[in-house]
Ligand SMILES: Nc1ncnc2c1ncn2[C@@H]1O[C@H](COP(=O)(O)OP(=O)(O)OP(=O)(O)O)[C@@H](O)[C@H]1O
Ligand SMILES: [Mg+2]
């Protein structure tokens, strides 16, 4: 649990987000039902489908990070060791370790990524590409496969991810599909709705806008 806290990307968690305050909007209703079911009946998921996670994908602003944050908080509350990391952050840490040859740190990093009960990887495909990232991700997926689930969020469908990851893309997409249920979110972006409110406010201030 201490390691989980240490490696969680705290500054990327949405402070106010919980599963309880996620609004069921059109296009996202299934995602919140499934997220709730996963955390509420985690031990059943684990015994019936060991290692089966979720791949939440869809456009920006639909609440994927909100859902992962909420799941992370709910799992930790239930004493399930969970780590929330942005994929960018995960690759950064691999890179840092590679540069300084800090084996102790690497050991702890791998212990967390391979061994925590639920790994929540936010924004797969949003990271800056570099050569060995695909192998690192494959290792994490392979070690956890059929044992410990990964919950992903991504802007990419698994097909899109396949292209993004270059020549290892097909293998990664296949492994993800084997170990996670894809859930596609659609509907109107929350950020878009907030922007609409800004426009309404502006229209109230500046008269005569066309
Ligand atoms: N259904 C929802 N109910 C309540 N708040 C929401 C909902 N969807 C999004 N939000 C809020 O809108 C903001 C943007 O959501 P979030 O960052 O989770 O989107 P995202 O899908 O991760 O976007 P991106 O693909 O850009 O990472 C956050 O503040 C989040 O709490
Ligand atoms: Mg996000």
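Readers should treat all values here as calculations from the given coordinates under stated rules, not as data from a laboratory. These figures come from a predicted structure and were not determined experimentally. Because the Cβ atoms are built from the backbone with ideal geometry, glycine has one as well, and the counts that use them run over all protein chains shown.
Cβ-to-Cβ counts within 10 Å put 91, 38 in ascending order as 91, 38, the fewest first.
Compared with the dominant principal axis of the Cα atoms in the chain, helix 87-100 is inclined by about 40°. Considering only alpha-carbon pairs that sit under 8 angstrom and 6 or more positions apart, the relative contact order computed for the stretch 99-188 is 30 percent.
Compared with the dominant Cα axis of the chain, that is its longest principal axis, helix 133-144 is turned about 70°.
Considering only alpha-carbon pairs that sit under 8 angstrom and 6 or more positions apart, the relative contact order computed for the stretch 2-205 is 31 percent. Among 84, 94, a tally of other beta-carbon atoms within 10 Å of each Cβ gives an order, fewest to most, of 94, 84. Here 127, 210 are placed in order of increasing Cβ neighbour count within 10 Å, fewest first, which gives 210, 127.
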